[in-house]
1. In whole Hz, with x marking every Gly and Pro, tabulate ³J(HN,Hα) for the range 436-449 from phi via Karplus 6.51 cos²θ - 1.76 cosθ + 1.60, θ = phi - 60°.
2. Leaving ligands, DNA and RNA out of it, report the carbon-plus-sulfur percent of the accessible area of the range 417-552 at a 1.4 Å probe.
3. Would you kindly state how much longer the chain becomes between residue 93 and residue 432 on full extension, computed as 0.36 nm times their sequence separation minus their alpha carbon distance, in nm to one decimal?
4. Leaving ligands, DNA and RNA out of it, rank 468, 432 by accessible area with a 1.4 Å probe, largest first.
5. Just to be sure I understand the curve: with the Debye formula and one point per C-alpha of the range 414-552, what is log10 I(q)/I(0) at q = 0.09, 0.11, 0.18 Å⁻¹?
6. How many nm separate the modelled label positions at residue 380 and residue 185, each set 7 Å beyond the Cα in the direction of the Cβ?
7. How much accessible area per residue does the range 306-377 have, counting only protein heavy atoms and a probe of 1.4 Å, in square angstrom?
8. Taking amide H positions as placed 1.01 Å from N in the peptide plane, with prolines and chain starts having none, which residues 5 or more places from residue 511, or on another chain, fall under 5 Å of its amide H?
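The values are calculated or read from the model by the stated rules, or taken from the named source; none is laboratory data. Given the structure is predicted, the values throughout are model-derived calculations rather than measurements. As a convention, Cβ positions derive from the backbone with ideal geometry for all residues, glycine included, and neighbour counts pool all protein chains shown. Just so you know, the surface numbers come from the protein's heavy atoms only, side chains and all, with ligands and any DNA or RNA stripped out. Shrake-Rupley method; radii C 1.70, N 1.55, O 1.52, S 1.80 Å.
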Amino acid sequence: MDDGESAAPPLHRSGSTVHGAVNHRGRPAARRASGQWTSAFFIIGMETGERSAYYGISSNLINYLSGPLREKTAVAAAAVNTWAGVTSALPVVAAFLADAYLGRYWTIVAASILYVLGLGLLTLSSVLPTFRLLECNIDSSLCSPSKQQLALFYFSLYLVAVAQAGQKPCLQAFGADQFDDNDPEECKFKSSFFNWWNFCLIAGSTVTTICLNYVQDNFSWVAGFGIPCVFMALGLLLFLLGTSTYRFYNVLHGKNPISGASEALLTRFKEWRAGSEQGELRQALLSNFDLVNEEDSTVKNADREEGKGLFRLFPIWASCLIYAVVIAQASTFFTKQGSTMDRRVGSKFQVPSASLQCSIGISAIAFIPVYDRLLIPLARRFTGEPSGITMLQRIGTGVALSVVVMLVAALVEMKRLRTCREMGLVDLPDEEIPMSMWWLMPQNMLCGIANVFTVVGLQEFFYDQVPEALRSLGLAFCLSIFGIGNFISGFIVSAIDLITSSQGGSWFPDNLNRAHLDYFYLLLAGLSAIELLIFLYSAQSYVYKTKGNPAM
């Protein structure tokens with residue numbers, strides 16, 4: 001069973017089968033009995049389980065590293081950013097294998113089995129310290145993790161990263177495949193699919209994150225890691241149950257779509273270089289590498305167009321990297337800020353600091369129906385666009401909001417530090433600051449709304465604008481924005497920590513009451529503003545793919 005993309009001619013609703021699509025038995029897929037929302041239910045269900053498992057691990061990871069594993073705050077933040085970067089960058093490799101060789105379905109199944117194994121080993125790594133609990137109670141120095149525990153922990157953590165890389169882009173592309181691009185009615189549903197895909201996974205991950213963070217902070221890390229393993233296993237089971245409803249697509253002529261695109265990109269680079277050596281650099285850039293001599297080219301037209309289709313996305317990709325850096329702060333420094341503040345609800349219950357991230361998901365959940373059912377129909381009346389606003393307009397709105405997020409975060413941090421000084425708590429990092437956690441809600445909620453615009457917009461953009469045979473790879477490129485963004489965030493944090501430490505006062509000490517997160521947030525606000533200008537320039541010159549041309 002091979003489920004790569006095929007180039008199909010325009011279809012009409014009257015057809016009883018979907019051209020180029022087969023069912024799980026390899027027979028032509030019946031239009032009414034396959035795909036669409038029935039299949040999407042199983043696929044979205046699995047994604048909900050996977051995201052619940054992933055955020056059950058990642059949302060509180062910095063507290064596990066700086067707590068039970070006893071790592072310094074700056075080191076823990078960099079470690080979280082590095083791991084998150086790997087999980088978002090590796091999908092490019094997995095998507096290549098899926099689109100060129102394995103097919104999306106089997107890549108999803110294999111990656112999901114590996115995912116369950118990684119989560120199981122992660123749970124085992126958290127069990128190890130209990131074997132020496134008595135000695136730890138006698139001598140607190142023995143509470144530090146052993147080398148064996150650290151090795152198993154990081155091995156299992158990065159095994160989860162590898163598994164997630166194969167599962168994430170292929171699952172979303174496979175879900176979108178269940179709606180036919182060339183059928184007017186199904187095409188209309190596809191844009192809504194991306195909205196409700198994100199609604200369901202955010203809803204599931206938000207609820208489970210609240211519960212799991214409480215379990216991890218107040219009961220047991222073993223249970224806190226074991227429950228995500230169960231979620232992932234149930235998600236895989238649900239996905240397998242829907243196999244008989246799925247549509248699968250065959251790669252045309254057994255061709256490797258990646259190699260064709262790579263050859264095309266290499267050819268265009270050589271032609272651009274030749275043009276630049278002749279003093280034609282400006283012309284080459286403005287023509288977007290279209291200096292190809294059609295008669296002399298050694299690459300077929302379809303392959304050239306595939307290469308062009310990938311290359312033309314790069315400016316949009318690059319101009320969203322700082323947005324990913326901004327979003328990365330929610331799982332690191334926003335969480336550490338919350339751990340110092342008053343998180344009581346009522347007289348007894350204390351909200352885990354990592355659960356404050358759930359306000360990001362809650363705001364996104366609340367905003368998606370408003371966006372899909374109110375704002376889009378209203379915008380459609382003014383713009384005439386079927387989607388209300390274009391994909392790039394949607395992305396750009398979120399990028400603009402990221403500037404506001406960082407400015408608000410800086411102001412809140414200034415307020416927190418001022419409260420520390422006024423209450424004489426600067427040198428008492430373990431004391432709770434008399435400042436409510438609700439001060440963090442505006443920046444978190446703005447993050448959620450920005451994600452509805454930018455993250456969902458990027459998913460739809462990178463699925464829609466790549467050649468049809470490369471859609472898993474397109475979504476992997478989308479994910480890589482956040483992977484590279486996390487790497488950049490980790491690098492910036494490490495560089496600033498090194499520079500400021502050498503000058504006598506790190507911006508990121510273990511005592512956050514002496515930190516300067518406000519300076520860091522203002523720096524990110526400035527970088528985000530510059531990024532917005534670059535994005536607007538790139539978006540203005542971008543030409544959307546022509547519908548019905550699978551190679552563009």
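1. Working through the residues one at a time gives 5, 4, 5, 5, 7, 4, x, 5, 5, 5, 5, 4, x, 5 Hz.
2. Of all accessible area on the range 417-552, carbon and sulfur atoms account for 65 percent.
3. Taking residue 93 through residue 432 to full extension adds about 117.5 nm, to one decimal.
4. 432, 468
5. Computed log10 I(q)/I(0) values: -0.45, -0.63, -1.18.
6. Between residue 380 and residue 185, the simple spin-label model gives 1.6 nm.
7. On the way: 2390 Å² over 72 residues.
Heavy-atom SASA per residue in the range 306-377 reads 33 Å².
8. Those lying under 5 Å, H to H, from residue 511: there are none.
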